[in-house]
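Peer 1: The structure follows.
Just so it is clear, none of the values below were taken in a lab; they were calculated from the coordinates. The shown structure was predicted, so the numbers you read here are calculated from the model rather than taken from an experiment. Counting neighbours? That spans all protein chains shown, and the Cβs are built from the backbone with ideal geometry, glycine included.
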Amino acid sequence: MVRRGDSYTRLIGWLKLLLPLVALVMLSTLFLLPRGSAPVSTLPVVEGDAPSGAREQIVAPVYIGTTQDGDQLRFTADTVEPLGDEAQQMLANRLDAQLDMADGSSLALRAQEARIDSGAMTADLQGAVRIESSTGYVMDTEHMVSAIDRIGAQTLAPVSGTGPAGRFTAGKLVIASDASTGDVQLLFTGGIKLVYDPQDP
């Protein structure tokens, strides 16, 4: 004779198995049953040419890379849009670049706009270009070309700024990595003028 307690225990055991299965079947039907949504073919489609002035844009893009020497590159912009029909040519508005070197130093670049060539891996920065280094230099120029896959840049217009020694102007600035040590160097050429400002002891 089966006792009532054994039957109750078996019933509870079966319910523990069946109830989750029933719940799973009910959830499955929510995803498998067809819904009464409108077919894709009824979505509004604009035919013909795009409206005048319409442009393709990417908002707040971010490009991050690492050079062979371990330097970290990060480029951001407000917007990026293609130039012409070539996907390799892009125009970035309000570009910001952060270059963190393996030796611990860093450079920050900022420009109103930059024409980026992903084929040549270069960025042509124009309009109120500012360069700031972790070594204390703050420099301004109107035109600069920078690599986007390595540490390398040069100004195509005169540069002026301040540094640890004082205020200066130069015809050209070249940012390059020393081949022997790997250290990043700021090389000024083309009629350098320095107003020495000795620091207080």
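Peer 1: Check Ile151: other-chain or 5+ apart residues with amide H under 5 Å from its amide H, H built from backbone geometry?
Peer 2: Amide H neighbours of Ile151, under 5 Å, 5+ apart: none.
Peer 1: Which stretch or stretches of the stretch 118-136 have amide N atoms under 19 Å from the point lying 7 Å from Ala176's Cα along the Cα→Cβ direction?
Peer 2: From the stretch 118-136, the list is 122-123.
Peer 1: Using the beta-carbon distance between Glu81 and Glu132 and R0 = 22 Å, what value does 1/(1 + (r/R0)^6) give for FRET efficiency, to the nearest 0.05?
Peer 2: Efficiency, from the Cβ-Cβ distance: 0.25.
Peer 1: Can you tell me the FRET efficiency between Tyr63 and Asp183 if r is taken as the Cβ-Cβ distance and R0 is 25 Å, rounded to the nearest 0.05?
Peer 2: The formula returns an efficiency of 0.55 here.
Peer 1: Given a cut-off of under 8 Å on Cα pairs at least six residues apart, what relative contact order in percent is computed for the stretch 57-201?
Peer 2: That works out to 14 percent.
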